[in-house]
Amino acid sequence: MEPIRSDALYLLQNRGQILHLEFQTIPSSSPPLPLRMLDYWVRLYRKYDCPIEQVVIFLKQTKSPIVYVEQLAVGRTVHPYRVVRL
């Protein structure tokens, strides 16, 4: 398993949770962003066993529909995260 390489992780001690920020300049990625967000969540939860707030921040304007995807949904698995479009 490859090491996790997230853009920013902050431990919010007063809330007992982790804030995970991902900064994107282009909408597409490999693996796709929703799958990466789930992978980050699982790895962080396994290691820290606390709530995790995930936010993807798109830094460039685009017309791609990918920037409006706010969850991974495969079968009965649904993993939501927040998206901010600048």
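Laboratory data are not the source of any read-out in this text; all were calculated from the coordinates shown. These figures come from a predicted structure and were not determined experimentally. When we count neighbours, we look across all protein chains shown, and the Cβ atoms used for this are built from the backbone with ideal geometry, even at glycine.
Scanning the stretch 67-82 for residues that are charged (D, E, K, R) and not in a strand (DSSP E or B), which turns out surrounded by the fewest Cβ atoms within 10 Å (Cβ to Cβ)? Quick ask: steps written out before the conclusion?
Going through the stretch 67-82, the residues charged (D, E, K, R) turn out to be 70, 76, 82.
Now restrict to residues that are not in a strand (DSSP E or B): 70, 76.
Numbers: GLU70: 12, ARG76: 5.
Ranking the qualifying residues of the stretch 67-82, first place goes to ARG76.
Cβ-Cβ distance below 6 Å, separation of 6 or more or different chains: which pairs start in the stretch 1-30 with a residue that is outside any strand (DSSP E or B) and end on one that is among the basic types (Lys, Arg) and surrounded by 13 or more Cβ atoms within 10 Å (Cβ to Cβ)?
ILE4/ARG43
Is it the case that some residue within the stretch 53-64 is farther than 18 Å from TYR81 by Cα, free of Cβ contacts under 8 Å to residues at least 12 places away in the same chain and more than 14 Å from the chain's Cα centre (by Cα)?
Within the stretch 53-64 (the criterion being farther than 18 Å from TYR81 by Cα, free of Cβ contacts under 8 Å to residues at least 12 places away in the same chain and more than 14 Å from the chain's Cα centre (by Cα)), the answer is yes, since at least one residue qualifies.
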